[in-house]
Amino acid sequence: MARNIMIAAALIATGCGRSPKGSQNMPVASGSPLAAEAVAGVTDAHLRDLLADHWEWSMRWSPTAATRLGDHRYDDQLPKRSKQFLEQYKRERAGLLERARAIAPSGLAAADRVTLALFEGELAADVAAEVCHDEQWSVSASSNPYAALADVVELHPLKTADDGRNLVARLRQGPVFVADTIANLREGVASQRVASAEAVRRTIAQLDAELAKPTAAWAMNLPGAAPRPDWPDGAQARFAAELAATVDALRPSIVDLRDFLRDEVLPVARTGKREGIGALADGDACYRARILGHLGFERTPEELHQLGIAEIARIDRELAALGQKVLGTKDLAATIERLRTDKALYFDTPEALLAAAQDALDRARAAIPAYFGVLPRADCVIAVIPEHEAPYTTIAYYEAPHHDGSKPGEYFVNTYRPETRPRFEIEALSWHEAIPGHHLQIAIAQELGDVPSFRKHGGSTAYVEGWALYTERLAEEMGLYSSDLDRIGMLSYDAWRASRLVVDTGLHAKGWTRAEAEAYMLAHTALTPENISNEVDRYIGWPGQALAYKVGQLEILALREQARTALGAGFDLKRFHDVVLSQGAVTLPVLRAQVEAWIAETAGR
């Protein structure tokens, strides 16, 4: 899972993610370090003005995203969360969309037409999703003010004493940030828009665990203990004292958040057949808007549900056959039972898990030059999912390199309870999250030349996650899997993503309960019950995102087969990959046009 895409969906809920889209006649500040990149490769004057205004506004609206991208003008600010500011945000986004629609595509160069179509489509999907009112109900262990503030500290640069002062100033806004979030959620309670009960319970458990610690042990306080030899005399001590006082002052707000969730939200939270988004007002419209946003085109929940069922049937057969060969099991159920219960197939220590992930990453890094012509300059390293998040989140995720080069790409691995983490899945997981999956694709996109910034640092979920899932199978062609047991992990992961099509649509469009969703995944994947529980919680709180993986993978595979058939002996897999990765995370319709143009050009030579 690419964290930058995940954060985009949670932006309105937490205010701490990828930049919101939208502006209205706001000039680019001359001091903006990213102004030129915002319009890179764009030749039409009106489109350049539009993208420049959008980028400057988005940096102002999401100062934490600006920090990650190397624009440090807002390093002393947190995003605004009040109802007034959110309404202003929506008005300005609507103004941007109106300006985009006023530009006639027929008068643009081909590259500008693609950029305009992507920009307008992204904004239109965001506007359509306003019906969801995420800020009124979306809360989870990964998306709440405490988690957001901990993330802010993790991304904030601390090279100078000024950086330290900015971080303290930023965190001093935390109580208002929390209070505004509570006010939005309280309005949701009044409007009967609430999160699922399990998501609320997990968030309360997370906050209880953090509140049980001394504030000095909170993630937000840890930078105060690190040595700062390059800072002036006394600056480190002042920073540590001010940071500790600021975090201490935040504790009452976190208590208020925990009490509010426990006393006001949990009693009315969604349960049973009401856990899906369809139970909320305008739930069907919200779910269809989320499908449009994540896939980049319209498709009905029923179509996606049936696609998932068909894919599961195919993968079930492959998994049962390989299980019989490798494990001597008689059928799918026996294979899954063995994979889930044989403790010899699981890690016993965090160190062993991290070593296996590092080995997989190193081998993939060595293999990619034979399959990709363009390679990223940014490195990818392994990190551990933070303690406050680990019990409640997924098995791994990826965070993109900082654009200014201050941080590499990071493959975060969950080492909590290693005895629940299968050895046979670590290779497929590593290919997906790091190389040749998310890191290769996202780092290359960030390093593109004449492509505007919104395309370098965002993009279609179906493309990003579809590419990463595609590489799990590609790794077999690259000779990366160590054994047939690891190939079973590849098939189980394929089934996991196919089951998402069934489960996500089941929950949000068919009234499935959490228990029904978990039972389906238990029957068709080798994921442990703990992982399945966390995954289902994620699907309930993040409608539609889980649909993107399989849809994107199948489209990339279809385009590859189309190119191979059309070009015959002239088909070059390395060149195909470079074409797919050459324009950033475009929507699948744009990707198809891009690949088909390459096929026609290559065939005509």
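The values are calculated or read from the model by the stated rules, or taken from the named source; none is laboratory data. Please read these numbers as outputs of a predicted model, since none were measured by experiment. Glycine also receives a Cβ, built like all others from the backbone with ideal geometry; neighbour counts cover every protein chain displayed. Heads up: the accessible areas ignore ligands, DNA and RNA and are worked out on the full protein's heavy atoms, side chains in. Shrake-Rupley method; radii C 1.70, N 1.55, O 1.52, S 1.80 Å.
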Of everything in segment 180-202 that's among the basic types (Lys, Arg) and part of a helix (DSSP H, G or I), which residue is least open to solvent (accessible area, probe 1.4 Å)? Arg202
Counted residues in segment 391-419 being more than 13 Å from the chain's Cα centre (by Cα), farther than 29 Å from Asp163 by Cα and open to solvent by less than 10 Å² (accessible area, probe 1.4 Å) come to 1
Across segment 524-572, what is the total count of residues that are within 17 Å of the chain's Cα centre (by Cα) and on the phi > 0 side of the Ramachandran plot? 1
Please list, ordered by residue number, the helices (runs of 4 or more DSSP H) wholly in segment 432-496 having 2 or more residues that are at negative phi and without any contact (Cβ under 8 Å) to a residue 60 or more places away in the chain. 461-477
Of the residues in segment 72-84, those that are without any contact (Cβ under 8 Å) to a residue 60 or more places away in the chain and either over 24 Å from the mean Cα position of the chain (by Cα) or crowded, with 24+ Cβ neighbours inside 10 Å (or both) come to Arg73, Gln84
Give the number of residues within segment 216-257 that are among the hydrophobic types (A, V, I, L, M, F, W, C), outside any helix (DSSP H, G or I) and surrounded by 12 or more Cβ atoms within 10 Å (Cβ to Cβ). 2
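For the condition among the small types (Gly, Ala, Ser), over 24 Å from Phe454 (Cα atoms) and part of a helix (DSSP H, G or I), what is the one hit in Ala141, Ala148, Ala205, Ala125? Steps first, please.
On the way: Ala141 fails: part of a helix (DSSP H, G or I); Ala148 fails: over 24 Å from Phe454 (Cα atoms); Ala125 fails: over 24 Å from Phe454 (Cα atoms).
So the residue among Ala141, Ala148, Ala205, Ala125 that is among the small types (Gly, Ala, Ser), over 24 Å from Phe454 (Cα atoms) and part of a helix (DSSP H, G or I) is Ala205.
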Return the only residue of Glu318, Glu399 being acidic (Asp, Glu) and over 30 Å from Pro157 (Cα atoms). Glu318
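If you go through segment 167-179, how many residues are open to solvent by 40 Å² or more (accessible area, probe 1.4 Å) and either within 27 Å of the chain's Cα centre (by Cα) or aliphatic (A, V, I, L, M) (or both)?
Restricting attention to segment 167-179, the residues satisfying the condition of being open to solvent by 40 Å² or more (accessible area, probe 1.4 Å) are 172-173, 175-176, 179.
Right, trim to either within 27 Å of the chain's Cα centre (by Cα) or aliphatic (A, V, I, L, M) (or both) and you get 173, 175-176, 179.
Count: 4.
Can you name the residue in segment 357-390 that is hydrophobic (A, V, I, L, M, F, W, C) and over 30 Å from Arg417 (Cα atoms) and is also farthest from the chain's Cα centre (by Cα) among such residues? It would help to see each step written out before you state the result.
Our first condition is that a residue be hydrophobic (A, V, I, L, M, F, W, C); within segment 357-390, this holds for 357, 360-361, 364, 366-368, 370, 372, 374-375, 378, 380-385, 390.
With the extra rule that they be over 30 Å from Arg417 (Cα atoms), the set shrinks to 366-368, 370, 372, 374-375, 378.
Details: Ala366: 26, Ala367: 26, Ile368: 24, Ala370: 28, Phe372: 24, Val374: 24, Leu375: 22, Ala378: 19 Å.
Only one residue fits best here, namely Ala370.
Pick out the one residue from Thr565, Thr505, Thr602 that is in a helix (DSSP H, G or I), open to solvent by less than 10 Å² (accessible area, probe 1.4 Å) and more than 30 Å from Leu345 (Cβ to Cβ). Full working, then the answer.
On the way: Thr565 fails: open to solvent by less than 10 Å² (accessible area, probe 1.4 Å); Thr602 fails: open to solvent by less than 10 Å² (accessible area, probe 1.4 Å).
After ruling out the rest, the residue left standing is Thr505.
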Is it the case, given these coordinates, that Thr300 is surrounded by 15 or more Cβ atoms within 10 Å (Cβ to Cβ) and either of a type outside the set (A, V, I, L, M, F, W, C) or modelled with pLDDT under 95 (or both)? no
